[in-house]
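*Asks:* The structure is given below, and queries will be raised subsequently.
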Amino acid sequence: MESVSVIVCCRNEIAMIDRFLQSLAAQTASGLSIEAVIADGCSSDGTRQRLNEFAAQHSWVRVIDNGQRIASTGLNAALRLSKGMIIARMDAHTEYAPDYLRECVRTLQETGASAVGGPVRIRAESTWQKAFANAVQFRLFNGGSTVYDTRLEGSVDSVPYGCWLREVLEDAGGFDQYMVRNQDDELSFRIKQAGGLIWQSPRICSFYSPRRSPIAFAKQFFGYGFWKVRTMRKHRTVVSARHLAPVGALSLAAALFPFGLFSRSARRLLAAMTAMYCAAILATVRRLQPALLALFPIAHASYGAGTLMAILQAESRP
């Protein structure tokens with residue numbers, strides 16, 4: 001019987017915590033011995049109470065404190081206390097199919113991969129969530145990322161959440177506690193550098209609930225851009241064109257803006273850039289849905305701003 005430890009880090013997830021816990025409890029355990037260690041980052045919205053109640057009803061669940069309130073510190077703490085030979089990360093903002101863990105283990109065994117995971121499937125209820133679910137279908141929005149490809153079966157650079165043999169995760173050094181975000185990508189980079197295979201399978205099913213407001217999306221994508229640069233700086237890798245495009249366009253527009261106050265040529269160039277960008281979005285989407293159309297500039301501008309700030313900010317590691 002395979003022993004599987006689920007590690008979770010969460011904070012203030014009261015809107016989603018019950019759904020997540022229900023999907024955790026529903027995991028089919030045929031041939032598996034399952035435990036869960038959940039690190040709570042000092043939640044103040046009732047999440048901790050729900051977690052404690054759930055743990056009291058399920059002896060295989062343990063709730064611990066994550067005083068630093070950083071995902072990587074909580075995950076590492078949960079990893080140290082876990083006992084399973086297979087480690088599966090789960091996220092409290094996501095629901096999981098009943099056979100999620102079983103398919104993770106099956107895929108690990110069949111492929112011999114160092115890490116496995118499934119694509120991101122969107123569970124949308126609000127207007128902005130539905131807009132996001134539509135937007136990720138387009139390359140102009142997702143930048144060619146494979147995580148939203150629900151048909152892909154094969155080797156990838158990274159998977160959301162992730163499932164590993166314990167020895168692989170421990171040999172890699174666990175999660176980098178310096179990385180406030182982008183921990184999964186950074187860990188995947190180290191695993192691949194060591195010669196490991198990362199595999200995505202559509203049989204591994206989970207359902208992510210996106211942010212519910214444009215401000216929340218802006219904060220999320222700003223963080224993506226910022227910590228992507230920090231990952232690349234740490235490993236001294238070259239930034240790809242798809243990561244540079246938003247920051248390049250944002251920097252050019254910012255540089256031209258002051259001149260546009262006095263120069264007709266600069267104003268014309270800014271107007272032409274804006275028109276070309278809007279035309280590209282309209283040609284891609286072909287649907288006049290305000291929230292969907294607005295998500296493109298929100299995501300691109302926020303990602304670009306985060307990237308630019310990380311580039312300009314001096315490196316500081318504890």
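*Asks:* Testing Ser3 on (1) part of a strand (DSSP E or B); (2) of a type in the set (Ser, Thr, Tyr); (3) more than 19 Å from Val168 (Cβ to Cβ), one condition comes back false. Which one is that?
*Replies:* (3)
*Asks:* Could you check the stretch 60-75 and list, in sequence order, the residues that are over 14 Å from Trp164 (Cα atoms) and not β-branched (Val, Ile, Thr)?
*Replies:* Listed by number, the residues that qualify are Trp60, Arg62, Asp65, Asn66, Gly67, Gln68, Arg69, Ala71, Ser72, Gly74.
*Asks:* Further question: Just one of the numbered conditions (1) at pLDDT 85 or above; (2) farther than 18 Å from Tyr303 by Cα; (3) part of a helix (DSSP H, G or I) is not true of Phe222; which one?
*Replies:* (2)
*Asks:* Let me ask you something else. I'm trying to understand the selection: among the residues of the stretch 67-81, which are outside any helix (DSSP H, G or I) and crowded, with 20+ Cβ neighbours inside 10 Å?
*Replies:* Ile70
*Asks:* I've got another one for you. So which of Arg19, Arg62 is basic (Lys, Arg) and either in contact with a Leu (Cβ under 9 Å, 6 or more places away or on another chain) or not assigned by TED's automatic domain parsing to the domain that holds Arg166 (or both)?
*Replies:* Arg62
*Asks:* Now for a different question. Scan the stretch 110-138 for residues that are part of a helix (DSSP H, G or I) and of a type outside the set (Gly, Ala, Ser) and report the count.
*Replies:* Residues flagged as part of a helix (DSSP H, G or I) and of a type outside the set (Gly, Ala, Ser) within the stretch 110-138 amount to 8.
*Asks:* Also, quick follow-up: Name the one entry in Val147, Val156, Val136 that is touching a helix residue (DSSP H, G or I) at 6+ places or on another chain (Cβ under 6 Å) and either of a type in the set (A, V, I, L, M, F, W, C) or surrounded by fewer than 16 Cβ atoms within 10 Å (Cβ to Cβ) (or both).
*Replies:* The unique qualifying residue is Val136.
*Asks:* If you go through the stretch 175-200 one residue at a time, how many are over 12 Å from Ser158 (Cβ atoms) and within 17 Å of the chain's Cα centre (by Cα)?
*Replies:* Of the residues in the stretch 175-200, 7 are over 12 Å from Ser158 (Cβ atoms) and within 17 Å of the chain's Cα centre (by Cα).
*Asks:* Let me ask something additional. Among Ser251, Ser240, Ser188, which is at pLDDT 80 or above and polar (S, T, N, Q)?
*Replies:* Ser188
*Asks:* Still on this structure, please answer the following. May I ask you to list the residues in the stretch 24-51 that are outside any loop (DSSP other than H, G, I, E, B), within 16 Å of Ala78 (Cβ to Cβ) and free of Cβ contacts under 8 Å to residues at least 60 places away in the same chain?
*Replies:* Glu35, Ala36, Val37, Ile38, Ala39, Asp40, Thr47, Arg48, Leu51 - these are the residues of the stretch 24-51 that are outside any loop (DSSP other than H, G, I, E, B), within 16 Å of Ala78 (Cβ to Cβ) and free of Cβ contacts under 8 Å to residues at least 60 places away in the same chain.
*Asks:* On to the next question. I'm trying to understand the selection: among the residues of the stretch 18-51, which are under 20 Å from Gln68 (Cβ atoms) and touching a strand residue (DSSP E or B) at 6+ places or on another chain (Cβ under 8 Å)?
*Replies:* Those that are under 20 Å from Gln68 (Cβ atoms) and touching a strand residue (DSSP E or B) at 6+ places or on another chain (Cβ under 8 Å): Val37, Ile38, Ala39, Asp40, Gly41, Cys42, Ser43, Thr47, Arg48, Leu51.
*Asks:* Only one of (1) under 18 Å from Phe20 (Cβ atoms); (2) touching an Asp or Glu at 6+ places or on another chain (Cβ under 9 Å) fails for Ala78. Which number is that?
*Replies:* (2) is the only condition that Ala78 fails.
*Asks:* Still on this structure, please answer the following. Out of all the residues in the stretch 139-183, which are at pLDDT 85 or above, of a type outside the set (S, T, N, Q) and not in a loop (DSSP other than H, G, I, E, B)?
*Replies:* Hits for the stretch 139-183 are Gly154, Cys163, Trp164, Leu165, Arg166, Glu167, Val168, Leu169, Glu170, Asp171.
*Asks:* Has the stretch 4-23 got at least one residue that is buried (at least 19 other Cβ atoms within 10 Å of the Cβ), closer than 20 Å to Met85 by Cβ, in contact (Cβ under 8 Å) with a residue 24 or more places away in the chain and of a type in the set (S, T, N, Q)?
*Replies:* Checked the stretch 4-23: at least one residue is buried (at least 19 other Cβ atoms within 10 Å of the Cβ), closer than 20 Å to Met85 by Cβ, in contact (Cβ under 8 Å) with a residue 24 or more places away in the chain and of a type in the set (S, T, N, Q).
*Asks:* Cβ contacts < 6 Å: first residue more than 11 Å from Ala135 (Cβ to Cβ), restricted to the stretch 286-306; second residue in a helix (DSSP H, G or I) and among the hydroxyl-bearing types (Ser, Thr, Tyr), any location; separation 6+ or different chain. Result?
*Replies:* Tyr303/Tyr224
The values are calculated or read from the model by the stated rules, or taken from the named source; none is laboratory data. These numbers come from a predicted model, not from an experiment. Every residue, glycine as well, gets a Cβ built from its backbone with ideal geometry; the counts of neighbours run over all protein chains shown.
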